[in-house]
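The values are calculated or read from the model by the stated rules, or taken from the named source; none is laboratory data. This one's a predicted model, so the numbers in the text were calculated from it and none came from an experiment. No Cβ is skipped: glycine too gets one built from the backbone with ideal geometry, and neighbour counts run over all protein chains shown.
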Amino acid sequence: MTVAPNHHQTALLRLAAVAIYLTTPIAALPQTGAPEEFESCKDIAADQARLDCFKKLLLNGKSNRTAAEEHASQDLWPLIKTPRPGGRGDAFAIMRTGDTTGSDPDFAGLMIRCREQPGLEVVLALIRPLPPHSKRDVVILPEAGRLVLHAETAPPGTALVLPIDAATFTTGDWRELKQLSIKIIDPDGDIKGLVPLDGVGPAIAKLSIACQRG
């Protein structure tokens, strides 16, 4: 007898698929130190020196963690990769599924991914696709201070790109947030989402390293 997947399983599968369609899990990199240490590494101009700084943070973080703690934190924000078209290396992303107790079934979760130009892109992953390149207002609900962001849908319609820097989660106004609560305003029905943010700082650090390698 075939058992239908529950909402959490469906969201996890769709979130993986949104990361440029088919994704391949890779061994997660160990976690790092405090966000301010990560930011100091990111500000180093020389590529090799910046990478060495990140590696030092990773090694220090790993030495202070038990195997169980490290495994648990890796599971929160899995690092995924997918080959770029034309053999141009790999694209990397981290992702976190939405909390099913506070998310609508059409919401999959939060993704942060590498861009081809320097920087990271913050994306809301959806199960119900929206028209590609359409605009949607995303209301950030009170815990983060009520804010409306003007987001754009990326093809094939299951990724809504937020106009924010990923550093907002580590050194910006949202660094103390425990969770991100959002509402996407859509004429076919608003979509609510709730994403826990524990572990996002170290996850962004390991993603930044993967982006440089890719």
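What do you reckon, is residue 204 of a type in the set (A, V, I, L, M, F, W, C), touching a Lys or Arg at 6+ places or on another chain (Cβ under 9 Å) and either surrounded by 18 or more Cβ atoms within 10 Å (Cβ to Cβ) or assigned to a helix (DSSP H, G or I) (or both)? Criteria not met by residue 204.
Among the residues of the range 186-204, none is identified as under 16 Å from the mean Cα position of the chain (by Cα) and free of Cβ contacts under 8 Å to residues at least 24 places away in the same chain. On the stretch given as the range 167-214, residues that are of a type in the set (A, V, I, L, M) and touching a Cys at 6+ places or on another chain (Cβ under 9 Å) total 3.
Considering only residues that are modelled with pLDDT of 90 or more and in contact with a Gly (Cβ under 8 Å, 6 or more places away or on another chain), look in the range 184-214 and name the one that is farthest from residue 143 (Cα to Cα). By that ranking, first place goes to 202.
Hey, any hits in the range 166-185 for a residue that's touching a residue at least 60 places away in the same chain (Cβ under 8 Å), under 18 Å from residue 82 (Cβ atoms), among the hydrophobic types (A, V, I, L, M, F, W, C) and buried (at least 19 other Cβ atoms within 10 Å of the Cβ)? No; the residues of the range 166-185 include none that is touching a residue at least 60 places away in the same chain (Cβ under 8 Å), under 18 Å from residue 82 (Cβ atoms), among the hydrophobic types (A, V, I, L, M, F, W, C) and buried (at least 19 other Cβ atoms within 10 Å of the Cβ). Restricting attention to the range 113-132, does a residue exist that is polar (S, T, N, Q) and modelled with pLDDT of 90 or more? Checking the range 113-132: not a single residue is polar (S, T, N, Q) and modelled with pLDDT of 90 or more. Might you check whether a residue that is touching a helix residue (DSSP H, G or I) at 6+ places or on another chain (Cβ under 7 Å), of a type outside the set (Gly, Ala, Ser), assigned to a helix (DSSP H, G or I) and under 23 Å from residue 76 (Cβ atoms) occurs anywhere in the range 161-172? For the range 161-172, residues touching a helix residue (DSSP H, G or I) at 6+ places or on another chain (Cβ under 7 Å), of a type outside the set (Gly, Ala, Ser), assigned to a helix (DSSP H, G or I) and under 23 Å from residue 76 (Cβ atoms): present. Set side by side, the residues 201, 189 differ, and just one is touching a Ser or Thr at 6+ places or on another chain (Cβ under 8 Å) and over 12 Å from residue 121 (Cα atoms), which is 201.
Of the residues 84, 146, the single one that is within 19 Å of residue 213 (Cα to Cα), surrounded by fewer than 16 Cβ atoms within 10 Å (Cβ to Cβ) and of a type in the set (D, E, K, R) is 84.
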